[in-house]
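The values are calculated or read from the model by the stated rules, or taken from the named source; none is laboratory data. None of the values given here were measured: they were computed from a predicted structure. Cβ placement follows ideal geometry from the backbone for every residue including glycine, while neighbour counts extend to all protein chains displayed.
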Amino acid sequence: MELRHLRYFVAVAEELSFGRAARRLHIAQPPLSRQIRDLERDVGAPLFDRGSRGVTLTAAGRAFLPEARLTLAQAERAQRTAQRAAQGETGRLRVGFVEAATHSGILPDVLGFFRMHLPAIGLSLLEMDSAQQAEALRESRIDLGLIGSIPPDAERWLHTETVYADPLVLAVPEDHPLGGRRRFTLADLAAESFVLVPRYASPVLHDDIIARCREAGFSPRIAQEAAGWHTTVSLVSAGVGIAFVPQSLARLTRTGVAYRTIRDFGVELQLTAVWRQREKSPVRERFVTTLRAVARARMPAARSARGEGSAGRRQPPVPPAPPRTALPRTRR
């Protein structure tokens, strides 16, 4: 018994005419009659009474009709489900992310899009540092990671795509002498104490900051390490030290902290999407496509907003992103 047998049976049962059913199915009447006889042989009972006055359903036919309709409906539903899964419209995705993915606004925007347009996709979110995400990817505990530092062996087993670059700015206590200055160079910070991201949490960013300070003629004096950016800003507010933080964080106001740009610094926090090579996932592809679009829209805002002013004062609105903005070149 095949699905086409059921479709032919339902057509004849609804039309009660082999001729009309054949025209509806766009086939000739003799092949249709043969297919119905084959179906009756498989069922083991006649489904139609064929008389001079037309065709009627037998008792077996009347009992068979709702089941045939249900089977056809289930087959169509299974086909639609498979098609939606192939197009990345249903399924699940486990996403690891660093904190920077949230305060930049990128991950919340992607989640908002999925909630509105792709509600059948289940997203599981796990906040981890970059090293933890690399381990989770190796063990297949996550399907995609949003990291700040690419593993050194990534080329051997990961696909990497840097989607966003967030310039670092200086966070200082509002009553600090630097808080009242608009312009200064990196060398002006030589005597300061710093709250710094630990190397284990973000080795590339940590090394970039140390290297730039040394190029300016000093090694930063580290008063405290903090893996989380919100913790870093809290420590700055408490007067523990000054810190380099992502520019997007400056838009999240905190009393007692001022943000300043440094002309000769040029270090960026990169947000990179990573996933295992040679693994295909329509849901992941849909997520990455959305991620690219959101990052392109936010990148010009990160470039244009200078992050200057205290956390207690309202910042000017960020100008809208121009369309089709290319991603900048970034160091790996």
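Assorted remarks:
- Among residues of region 45-80, those that are free of Cβ contacts under 8 Å to residues at least 40 places away in the same chain and farther than 20 Å from residue 2 by Cα, counted: 8
- Members of region 148-192 that are more than 20 Å from residue 210 (Cβ to Cβ) and under 18 Å from the mean Cα position of the chain (by Cα): 158, 159, 160, 161, 162, 163, 164
- Note on region 140-160: among residues that are acidic (Asp, Glu) and at pLDDT below 95, the one that is nearest to residue 90 (Cα to Cα) is 155.
- Matching entry among 140, 104 (being more than 17 Å from residue 282 (Cβ to Cβ), surrounded by fewer than 16 Cβ atoms within 10 Å (Cβ to Cβ) and of a type in the set (S, T, N, Q)): 140
- Taking (1) surrounded by 14 or more Cβ atoms within 10 Å (Cβ to Cβ); (2) at pLDDT 90 or above; (3) within 30 Å of residue 135 (Cα to Cα) in turn, residue 92 satisfies each apart from (1).
- Extreme residue, farthest from residue 225 (Cα to Cα), among residues of region 193-204 that are buried (at least 18 other Cβ atoms within 10 Å of the Cβ) and under 27 Å from the mean Cα position of the chain (by Cα): 204
- Condition broken by residue 131, with the remaining ones in (1) closer than 19 Å to residue 246 by Cα; (2) modelled with pLDDT under 95 satisfied: (1)
- Taking the numbered list (1) crowded, with 17+ Cβ neighbours inside 10 Å; (2) in contact (Cβ under 8 Å) with a residue 40 or more places away in the chain; (3) within 32 Å of the chain's Cα centre (by Cα); (4) not in a loop (DSSP other than H, G, I, E, B) in turn, residue 230 passes all entries but (1).
- Residues in region 205-227 that are hydrophobic (A, V, I, L, M, F, W, C), surrounded by 14 or more Cβ atoms within 10 Å (Cβ to Cβ), without any contact (Cβ under 8 Å) to a residue 40 or more places away in the chain and assigned to a helix (DSSP H, G or I): 210, 213.
- Which listed residue, of 149, 124, is closer than 28 Å to residue 298 by Cβ and outside any loop (DSSP other than H, G, I, E, B): 124
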